[in-house]
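Read the structure below first, then the notes.
The values are calculated or read from the model by the stated rules, or taken from the named source; none is laboratory data. Just so we're clear, the structure is a prediction, and the values are computed from it rather than from any experiment. Here the Cβ is made from the backbone with ideal geometry for all residues, glycine too, and neighbour counts use every protein chain on show.
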């Protein structure tokens with residue numbers, strides 16, 4: 001793992017509301033804690049001198065506590081102004097599978113993949129989430145119509161954060 005990749009991870013974690021992040025690849029394990037600094041196993045030990053800046057704690061639902069099943073529901077209602085629409089049986093949330101930057105289009109010059117009212121199929125790409133200079137296409141997961149876009153283009157998103165609401169048939 002390169003130092004630049006580690007720096008990118010630190011920036012992403014630092015600007016998000018998650019408090020702890022663990023990444024493991026090719027025998028290297030990196031664990032970031034906002035309230036406790038950084039620890040790294042294997043050859044990445046020099047990064048211990050670059051602690052992540054503390055941030056006001058927020059409850060990250062998807063990462064915080066799998067033992068607390070009610071935490072995701074509370075966060076979803078607090079963050080979503082359309083909580084009644086989200087609880088509808090015919091509405092599906094497309095969630096971010098990772099921490100990264102949300103993009104609505106493949107490049108700044110091109111049109112957005114989808115807009116409110118766009119009909120989508122399960123395998124259709126609806127956006128891109130960039131993480132560590134890798135552009136990950138996010139698919140709709142269900143057939144339906146885009147009811148709401150919950151994040152803005154260029155916004156940092158967290159793991160499990162709702163990106164779109166899709167009205168299913």
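Pull up segment 148-167, narrow it to residues that are in a loop (DSSP other than H, G, I, E, B) and under 11 Å from the mean Cα position of the chain (by Cα), then point me to the one that is surrounded by the fewest Cβ atoms within 10 Å (Cβ to Cβ). The extreme case among them is 155.
Table: residues versus (1) part of a helix (DSSP H, G or I); (2) at pLDDT below 55; (3) closer than 21 Å to residue 14 by Cβ; (4) not assigned by TED's automatic domain parsing to the domain that holds residue 17.
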site	(1), (2), (3), (4)
42	no, yes, no, no
56	no, yes, yes, yes
66	no, yes, no, yes
76	yes, yes, no, yes
85	yes, yes, no, yes
88	no, no, no, yes
111	no, no, no, yes
129	no, no, yes, yes
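Give the residue that is surrounded by the fewest Cβ atoms within 10 Å (Cβ to Cβ), with candidates limited to residues of segment 1-11 that are closer than 13 Å to residue 33 by Cα and in contact with a strand residue (DSSP E or B) (Cβ under 7 Å, 6 or more places away or on another chain).
From segment 1-11, those closer than 13 Å to residue 33 by Cα are 9-11; that's our starting set.
From what is left, the residues that are in contact with a strand residue (DSSP E or B) (Cβ under 7 Å, 6 or more places away or on another chain) are 9-10.
Values: 9: 21, 10: 19.
So, considering only residues that are closer than 13 Å to residue 33 by Cα and in contact with a strand residue (DSSP E or B) (Cβ under 7 Å, 6 or more places away or on another chain), the one surrounded by the fewest Cβ atoms within 10 Å (Cβ to Cβ) is 10.
Residue count for segment 8-35 under the criterion of being without any contact (Cβ under 8 Å) to a residue 24 or more places away in the chain and under 18 Å from residue 134 (Cβ atoms): the result is 3.
Taking segment 12-24, which residues are crowded, with 18+ Cβ neighbours inside 10 Å and farther than 13 Å from residue 158 by Cβ? None - no residue of segment 12-24 is crowded, with 18+ Cβ neighbours inside 10 Å and farther than 13 Å from residue 158 by Cβ, so the list stays empty. Criterion applied to 130, 109, 145, 137 was being more than 19 Å from residue 167 (Cα to Cα) and over 19 Å from the mean Cα position of the chain (by Cα), and the one residue passing it is 109.
Residues that are surrounded by fewer than 20 Cβ atoms within 10 Å (Cβ to Cβ) and assigned to a loop (DSSP other than H, G, I, E, B) within segment 131-147 comprise 132, 133, 141, 142, 143, listed in sequence order.
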